[in-house]
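Let me begin by presenting the structure, written as structure tokens, before commenting on it.
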Amino acid sequence: MGLARRIIPCLDVKGGRVVKGVNFVALRDAGDPVEIARRYDEQGADEVTFLDIAASAEERDLILPIIEEVSAQVFIPLTVGGGVREVKDVRRLLNAGADKVSINSAALQRPDLVSEASGFFGAQCIVVAIDARRAATASGWGVFTHGGRRPTAWDAVLWAQEVARRGAGEILLTSMDRDGTREGFDLELTRTVAEAVGVPIIASGGVGNLQHLCDGVRVGQADAVLAASIFHYGEFTIRQAKEAMDAQGIEVRL
Amino acid sequence: MRIAVVDYGMGNLRSVARALNRVAPEAEVEVTDCPERLRAAHRIVFPGQGALPDCMRRLHERHLLEVVQELMRTRPFLGICLGLQVLFDRSEEGDVAGLGLLAGKVCRFPEDRFGPRGERLKVPHMGWNEVHATREHSLWRGLAPDSRFYFVHSYYVQELNEAECAATTTYGFPFTSAVIRDNLCAVQFHPEKSAAAGLTLLSNFVHWTP
């Protein structure tokens with residue numbers, strides 16, 4: 001037995017509240033990030049990711065007290081992403097209690113940000129989020145920004161290798177073709193990137209059932225799988241997801 | 001009881017302090033780099049993330065080398081992650097000397113290794129892995145055998161004294177994931193991020209009488 005594959009629920013946060021309402025039984029406040037994170041911890045989540053979808057910098061600061069409060073009550077790794085533009089944004093989130101900070105479009109605008117943040121704080125806390133979709137690039141997938149609408153000059157595999165070389169400790173790989181479809185991960189994309197880089201890959205985008213999570217690991221070779229809606233609406237618990245993975249011979253923390 | 005968390009500017013120190021507050025609500029937990037405050041504490045926790053050369057440099061810059069080495073010999077002392085690696089003679093990382101309290105050297109996990117199921121073993125070793133206690137100790141009290149803890153590291157210790165190894169973990173091959181000698185213990189994983197198992201271990205440390 002060895003390292004377990006991780007299951008990571010992802011919460012969208014705006015103005016200090018969880019949006020896209022989470023629907024747990026007997027939750028006092030469906031938008032309270034602290035209570036929701038605690039529920040996921042109790043279900044056996046291996047990490048929790050907060051994605052700040054705030055529109056402005058002022059609104060974004062509202063996540064800091066939340067991170068503080070969650071990290072005082074939930075003792076599993078916390079990743080925070082959204083709006084991270086400079087090294088000082090990374091520092092602020094880490095100081096509030098985040099264990100890892102995820103960088104997306106700012107890394108594309110200025111790849112040195114990845115090297116600098118990793119140099120200051122260590123590769124273990126720098127995640128680079130890559131939004132990929134099928135495109136006429138070398139590998140067949142390109143890197144996109146603006147929710148998958150705007151293409152960049154980067155091929156997804158080359159960009160993954162570039163950020164790993166610059167010191168990203170982990171890559172959060174989202175298929176924008178699959179995101180929101182509930183048709184499952186883009187397994188070809190996941191596997192291609194997972195085999196091309198030496199750092200762990202989190203698969204994201206498209207999970208609609210528990211078999212999709214299993215396929216992400218078995219077929220896609222992902223080190224971790226991230227999902228939002230199948231957990232938020234109470235369809236499945238993290239525990240059920242882990243039992244399904246365990247039944248298929250995938251090592252998990254039960 | 002006063003517990004001091006050594007602040008040398010690296011790693012998620014507040015997470016460690018928060019977890020200690022949780023398991024020892026009666027204790028006074030302080031994150032500090034002041035030698036007097038450190039000496040006034042009954043127990044010392046030495047966390048750390050990042051690179052060993054930076055760790056040694058910052059300990060030096062903050063004039064903490066002497067006090068930390070003293071407390072490692074005189075207080076119940078818990079090193080976490082980099083706080084384990086720093087105890088040894090030498091590290092491949094930047095080819096620097098560690099504190100040399102324990103014999104052994106710190107090496108990087110080789111790249112391009114594959115596990116028993118053909119899976120590529122990524123570096124950093126990141127996630128929940130099993131910790132197999134190799135000797136009985138009150139640090140392991142109340143923990144199921146081979147409990148999982150959260151790891152995130154690219155370096156591990158080898159060529160250490162077997163008598164000082166307290167647990168192993170397998171990542172392609174077994175490596176030492178905990179060491180104990182007298183009043184000194186150190187773990188490669190992060191108990192402060194390891195849910196119930198981690199809190200149990202921290203509670204055991206807080207109640208440990210070497």
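Computed quantities for the displayed model
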read-out	value
Exposure ranking of A:TYR40, B:TYR155, A:TYR233 by accessible area [1.4 Å probe, largest first]	A:TYR233, B:TYR155, A:TYR40
Rounded to whole Hz, the Karplus (6.51, -1.76, 1.60) HN-Hα couplings of segment A:184-196, x for glycine and proline	x, 4, 6, 5, 5, 4, 4, 5, 4, 6, 4, 7, 8
Estimated FRET transfer efficiency (A:GLN211, A:GLN73; beta-carbon r; R0 35 Å; 0.05)	0.60
Pairwise burial A:B, computed as accessible area of each alone minus the pair, summed, 1.4 Å, Å²	2900 Å²
Net dipole in debye of segment B:80-196 [+1 Lys, Arg Cβ; -1 Asp, Glu Cβ; about Cα centre; nearest 20]	320 debye
Magnitude of the charge dipole, segment B:114-166, Cβ model with Lys/Arg +1 and Asp/Glu -1, debye to 20	300 debye
Long-range amide H partners of B:ARG2 with built H, under 5 Å	B:GLU28, B:HIS42, B:ARG43
Gain on full stretching of the segment that runs from B:ASP112 to B:ARG73 - 0.36 nm per residue minus C-alpha separation	10.1 nm
Candidates B:ALA197, B:ALA178, B:ALA40: whichever shows maximal mean-square fluctuation once chain B is modelled as a Gaussian network with Cα springs under 10 Å	B:ALA40
Estimated vicinal HN-Hα couplings, Hz - segment A:217-231 in sequence order (Karplus 6.51, -1.76, 1.60; Gly, Pro = x)	7, 6, 8, x, 6, 6, 7, 8, 10, 10, 8, 10, 5, 5, 8
Straight-distance crosslink candidates among lysines, where the alpha carbon sits under 26 Å from A:LYS100 and sequence neighbours closer than 8 are dropped	A:LYS14, A:LYS20, A:LYS88, A:LYS242, B:LYS122, B:LYS193
Over segment A:47-100, relative contact order from alpha-carbon pairs under 8 Å, at least 6 apart, %	46 percent
Intensity falloff of segment B:1-70 expressed as log10 I(q)/I(0), Debye formula with alpha-carbon point scatterers, at q = 0.14, 0.18, 0.19, 0.21 Å⁻¹	-0.39, -0.64, -0.71, -0.85
Cβ-based charge dipole, segment A:1-119, positive-most Cα from A:MET1, A:SER71, A:SER118	A:MET1
Cα extents of chain A along the three principal axes, largest first (Å)	49, 43, 35
Which of A:VAL90, A:ALA203, A:LEU11, positive extreme of dipole for the protein assembly as shown (C-beta unit charges)	A:LEU11
Accessible carbon and sulfur surface of segment B:49-111 relative to its total accessible area, %, 1.4 Å	47 percent
Estimated FRET transfer efficiency (B:GLU66, B:ARG141; beta-carbon r; R0 41 Å; 0.05)	0.80
Estimated vicinal HN-Hα couplings, Hz - segment A:35-44 in sequence order (Karplus 6.51, -1.76, 1.60; Gly, Pro = x)	5, 5, 4, 5, 4, 5, 4, 4, 6, x
Low-density loop cleavage sites - chymotrypsin sites (Phe, Trp or Tyr not before Pro) in segment A:61-150, where at most 13 other Cβ are within 10 Å (DSSP)	none
Distance in nm between pseudo-label sites at A:ALA196 and B:ALA103 (7 Å out along the Cβ direction from Cα)	4.8 nm
Principal axis dimensions, the protein assembly as shown - Cα atoms, whole angstrom, descending	61, 47, 43
Chain B - share of DSSP beta bridges that are antiparallel (%, nearest 5)	60 percent
Distance histogram in 10 Å bins (all Cα pairs of segment A:132-254, percent per bin)	14, 44, 31, 10, 0
For chain B: relative contact order, % (alpha-carbon pairs under 8 angstrom, 6 or more apart)	20 percent
Residue (of B:LEU101, B:ALA27, B:PHE151) at the positive-pole extreme of chain B, dipole from beta-carbon charges	B:ALA27
Sequence of A:ARG149, A:ARG166 when ordered by accessible area, the most exposed leading, probe 1.4 angstrom	A:ARG149, A:ARG166
Per residue, in Å², the accessible surface of segment B:1-125 once ligands and nucleic acids are set aside, probe 1.4 Å	40 Å²
Approximate spin-label separation B:HIS207-A:ARG134, in nm, with each point projected 7 Å along Cα-to-Cβ	5.8 nm
For segment B:136-210 and segment A:231-254, distance of Cα centres in Å	27 Å
Dipole in debye (nearest 20) - the protein assembly as shown, about Cα centre, beta carbon charges: Lys, Arg +1; Asp, Glu -1	180 debye
Probe 1.4 Å, protein heavy atoms only - accessible area per residue of segment A:109-246 in square angstrom	38 Å²
Nonlocal amide H pairs with B:ALA103, under 5 Å, H built at 1.01 Å	B:ASN161
Overall Cα dimensions of segment B:42-186, principal axis frame, Å, largest first	47, 37, 23
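The values are calculated or read from the model by the stated rules, or taken from the named source; none is laboratory data. Note that the structure is a prediction, hence the values are computed from the model and not measured. As a convention, Cβ positions derive from the backbone with ideal geometry for all residues, glycine included, and neighbour counts pool all protein chains shown. For the accessible areas, the whole protein counts, side chains as well, though only heavy atoms, and no ligand, DNA or RNA atoms are used. Shrake-Rupley method; radii C 1.70, N 1.55, O 1.52, S 1.80 Å.
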